[in-house]
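This report concerns only the one structure given below.
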Amino acid sequence: MRARSVWMGILSVALAASVVACGGKKDDLDAPDAGGAGGAKVDAATAGDINGVVSFDGVAPKNEPIKMNADPVCMKENTTPQTQETYEVADGKLANVFVYVKDGLGSYAYDPPAGPVEINQMGCRYHPHVFGIRVGQELDIVNSDPTLHNIHALPKGNAEFNTGQPIQGMKTMHVFNTKEVMVPFKCDVHGWMNAFVGVMDNPYFAVTGADGKFSLKGLPPGTYTIEAWHEKAGTQTATVTLGAKETKDATFTFKAPAAATD
Amino acid sequence: MLHRFAKFVAGCTVLLVLAGSLVTSTGSGLSVPDWPTSYGWNMFTFPPSKWVGGILYEHGHRLIASSVGFLTIILALWLWMSDPRRWMKWLGVSALGAVIAQGVLGGLTVMFFLPAPISTAHAGLAEIFFCITVAIALFTSPRWIQGYGGRILDDSRLRRLATATTTIIYCQILVGATMRHTGAGLAIPDFPLMFGHWWPTHWDAKIAIHFTHRVGALLVTIAVLATATAVFARTSISELRRPAGLLVALVVVQVSLGAFTVLTRRDVWINSLHVVCGALVLTTSLVLTLRTWRGRFADGHVRLQPDGTTT
């Protein structure tokens with residue numbers, strides 16, 4: 001009788017441990033790794049900004065021409081010659097560069113993202129081509145084209161997904177659970193369509209526009225490693241020390257590959 | 001009639017191999033993200049107006065594969081009901097099993113985003129299925145059933161050589177499939193040199209796979225030449241000489257296509273024809289090998305009727 005009670009006790013403990021272990025595992029998988037949760041909030045009274053510009057030195061390589069004849073709809077929507085968006089250079093300034101705080105942030109708690117981010121398949125292109133999103137923030141994937149697309153994400157840290165959107169106006173929602181710079185998107189139907197998203201656990205990121213400018217606002221005082229990422233030119237980093245209420249500049253210059261300047 | 005139908009199925013399988021190779025060569029493997037449906041439609045009712053871009057290749061491959069699967073069901077039933085040889089009945093069943101497994105592998109590789117092991121297994125099983133259809137076509141041919149008039153020598157050395165050659169070719173195809181599905185096709189970007197030298201100057205996993213495929217091509221060429229030389233030296237019968245000659249010609253074409261695949265930076269059609277030609281090299285070698293083994297096959301009380309059918 002006593003032995004039976006002991007065995008029942010052992011079984012009960014094992015069962016309880018299994019339930020706890022399994023339950024814990026599920027939570028780990030489902031909960032977005034938002035980063036900074038539980039830390040102090042950034043003091044707006046001492047926060048500063050880092051502004052800057054990304055330049056391009058030399059002659060940018062010509063972007064690859066795109067043949068859209070595989071899909072009559074894409075042909076109809078793009079009547080002029082089309083090229084890839086790889087190098088968007090104007091007046092020596094480089095667009096589509098993702099700039100973010102790579103290192104130096106402590107454990108802060110940030111306000112949740114304002115709303116969803118949208119990537120739109122329009123004119124058989126992704127709009128935007130490069131963008132950032134927060135961990136746990138809703139990504140709305142929209143197909144505005146009167147043709148079908150599949151959006152195929154190829155992350156290394158997050159879960160890969162491949163979603164078909166055969167009907168114009170379709171909208172699909174996705175959430176990334178882990179910080180990752182960068183996650184490529186591609187459309188396997190239209191091989192030229194690609195985009196990149198930087199998934200961040202903090203709000204300090206920006207993408208350069210046609211003027212090459214970026215701004216990281218509301219950073220707490222500290223010394224930061226700022227990285228500028230470009231899909232072809234690679235990455236560059238800069239170290240910036242920011243005092244209370246300071247505004248500092250950071251500049252990046254990507255050089256043309258040797259073959260392009262020859 | 002059964003023989004003609006078996007040849008038709010084998011011919012359709014060549015088309016299927018071409019369609020499959022085009023899917024990989026064009027990078028269209030995930031252009032239809034769902035399976036067995038196509039963008040939510042039943043595969044057979046998916047509107048042709050939506051077969052654009054990569055979908056044309058992936059969906060086309062699925063439809064051709066379904067057709068070959070349907071033809072294989074007929075072939076297996078036909079063999080089961082009309083061929084008196086017990087092992088032929090089961091060969092038909094094995095063809096059906098292979099084509100079903102092949103379909104499942106194709107679906108799995110889509111659902112798991114083209115993992116190299118599943119995609120390579122899909123390519124490897126495709127070759128086995130093709131070999132089975134060609135073997136059925138051969139075994140149902142009147143000449144095979146008649147035993148080629150008893151003219152084929154019982155030559156154990158030739159049998160061993162031909163069998164080894166077929167095995168080497170299949171292994172080489174598996175290495176090629178691994179290279180294709182791990183993205184190692186241009187890991188060594190020049191030909192015939194390797195990074196400007198006769199031996200790679202540096203190594204990683206992809207370079208090693210690519211290098212193995214080039215070494216494999218050399219081994220296949222040596223094995224095929226040895227087999228063909230042995231055939232022409234030892235026998236004058238056309239049933240062995242013809243496939244031996246064809247095998248040498250196909251290997252020349254295949255090596256050239258492999259070289260041009262690298263030199264053209266994986267041109268879609270050259271790359272795809274390289275896959276198809278590889279399958280033809282394998283099955284030609286298989287036919288030669290099986291014919292060298294003909295004397296060892298039991299007749300199974302098969303009688304050939306004047307119209308070419310068996311009883």
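Between B:LEU114, B:LEU105, the distinction of being on the phi > 0 side of the Ramachandran plot, touching a residue at least 12 places away in the same chain (Cβ under 8 Å) and not assigned by TED's automatic domain parsing to the domain that holds B:SER238 belongs to B:LEU114 only. All of B:THR24, B:THR45 fail the test of being under 19 Å from the mean Cα position of the chain (by Cα) and either more than 10 Å from chain A (Cβ to nearest Cβ) or surrounded by fewer than 23 Cβ atoms within 10 Å (Cβ to Cβ) (or both), apart from B:THR24.
Here A:GLN121, A:GLN137 are screened, and the one residue that is in contact with a Cys (Cβ under 9 Å, 6 or more places away or on another chain) and closer than 21 Å to A:HIS174 by Cα is A:GLN121. Residue by residue through region A:65-81, note down the ones that are under 22 Å from A:PRO184 (Cα atoms) and either buried (at least 20 other Cβ atoms within 10 Å of the Cβ) or within 14 Å of chain B (Cβ to nearest Cβ) (or both). Residues satisfying the conditions are A:ILE66, A:LYS67, A:MET68, A:CYS74.
Does A:GLY212 meet the test of being out of contact with any Pro (no Cβ under 9 Å at 6 or more places or on another chain), at positive phi and buried (at least 19 other Cβ atoms within 10 Å of the Cβ)? Spelling it out, A:GLY212 is indeed out of contact with any Pro (no Cβ under 9 Å at 6 or more places or on another chain), at positive phi and buried (at least 19 other Cβ atoms within 10 Å of the Cβ).
Among the residues examined, B:ALA135 qualifies as closer than 28 Å to B:VAL93 by Cβ and modelled with pLDDT of 95 or more. Suppose the filter is among the polar types (S, T, N, Q) and under 30 Å from B:VAL23 (Cβ atoms); does A:ASN202 pass it? Taking the combined requirement at face value, the residue does not satisfy it.
Listed here are the residues, each with its yes/no results for (1) surrounded by 15 or more Cβ atoms within 10 Å (Cβ to Cβ); (2) out of contact with any Pro (no Cβ under 9 Å at 6 or more places or on another chain); (3) among the polar types (S, T, N, Q); (4) not in a helix (DSSP H, G or I).
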{"residue": "B:LEU30", "(1), (2), (3), (4)": "yes, yes, no, yes"}
{"residue": "B:GLY60", "(1), (2), (3), (4)": "yes, yes, no, no"}
{"residue": "B:ILE74", "(1), (2), (3), (4)": "no, yes, no, no"}
{"residue": "B:ILE100", "(1), (2), (3), (4)": "no, yes, no, no"}
{"residue": "B:GLY103", "(1), (2), (3), (4)": "yes, no, no, no"}
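Residue-wise test of (1) at pLDDT below 95; (2) within 25 Å of B:ILE132 (Cβ to Cβ); (3) hydrophobic (A, V, I, L, M, F, W, C).
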residue	(1), (2), (3)
B:ALA162	no, yes, yes
B:HIS181	no, yes, no
B:PHE195	no, no, yes
B:ILE222	no, no, yes
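Residue by residue, here is whether (1) touching a Pro at 6+ places or on another chain (Cβ under 6 Å); (2) assigned by TED's automatic domain parsing to the domain that holds B:HIS274; (3) under 18 Å from B:HIS122 (Cβ atoms); (4) touching a residue at least 60 places away in the same chain (Cβ under 8 Å) holds:
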residue	(1), (2), (3), (4)
B:HIS3	no, no, no, yes
B:LEU15	no, no, yes, no
B:LYS50	no, no, no, no
B:GLY53	no, no, no, no
B:VAL68	no, no, yes, no
B:TRP78	no, no, no, yes
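Identify the single condition in (1) touching a Lys or Arg at 6+ places or on another chain (Cβ under 8 Å); (2) under 17 Å from B:GLY295 (Cα atoms) that B:ARG143 does not satisfy, given that it satisfies every other one. It fails just one condition, (1). Examine region B:7-14 for a residue that is away from chain A (no Cβ under 14 Å), under 26 Å from B:GLY258 (Cβ atoms) and buried (at least 19 other Cβ atoms within 10 Å of the Cβ), and state whether such a residue exists. Yes, region B:7-14 contains at least one residue that is away from chain A (no Cβ under 14 Å), under 26 Å from B:GLY258 (Cβ atoms) and buried (at least 19 other Cβ atoms within 10 Å of the Cβ). A:ASN150 satisfies every condition listed in (1) surrounded by fewer than 18 Cβ atoms within 10 Å (Cβ to Cβ); (2) within 26 Å of B:HIS59 (Cα to Cα) except (1). Residue count for region A:84-103 under the criterion of being within 12 Å of A:GLY198 (Cα to Cα), among the hydrophobic types (A, V, I, L, M, F, W, C) and surrounded by 21 or more Cβ atoms within 10 Å (Cβ to Cβ): the result is 3. Could you check, for region B:204-216, whether at least one of its residues is touching a Cys at 6+ places or on another chain (Cβ under 9 Å) and assigned to a helix (DSSP H, G or I)? Yes: region B:204-216 contains one or more residues that are touching a Cys at 6+ places or on another chain (Cβ under 9 Å) and assigned to a helix (DSSP H, G or I). B:LEU91: outside the structural domain of B:GLY258 (by TED's automatic domain parsing), part of a helix (DSSP H, G or I), modelled with pLDDT of 95 or more and more than 25 Å from A:PHE161 (Cα to Cα), yes or no? Here the answer is yes, as B:LEU91 does meet what is asked.
Can you find a residue that is of a type in the set (D, E, K, R) and either within 25 Å of B:THR261 (Cα to Cα) or crowded, with 19+ Cβ neighbours inside 10 Å (or both) anywhere in region B:34-41? Within region B:34-41 (the criterion being of a type in the set (D, E, K, R) and either within 25 Å of B:THR261 (Cα to Cα) or crowded, with 19+ Cβ neighbours inside 10 Å (or both)), the answer is no, since none of the residues qualifies. Among the residues in region B:286-298, are any closer than 20 Å to B:VAL215 by Cα, in contact with a Leu (Cβ under 6 Å, 6 or more places away or on another chain) and either part of a helix (DSSP H, G or I) or at pLDDT 95 or above (or both)? No, there is no match, as no residue in region B:286-298 is closer than 20 Å to B:VAL215 by Cα, in contact with a Leu (Cβ under 6 Å, 6 or more places away or on another chain) and either part of a helix (DSSP H, G or I) or at pLDDT 95 or above (or both).
In region B:83-93, the condition of being among the hydrophobic types (A, V, I, L, M, F, W, C) and under 21 Å from B:TRP35 (Cα atoms) is met by no residue.
The values are calculated or read from the model by the stated rules, or taken from the named source; none is laboratory data. Because the structure is a prediction, the values reported are computed rather than measured. Ideal geometry is used to build each Cβ from the backbone, glycine not excepted, and the neighbour counts take in all protein chains shown.
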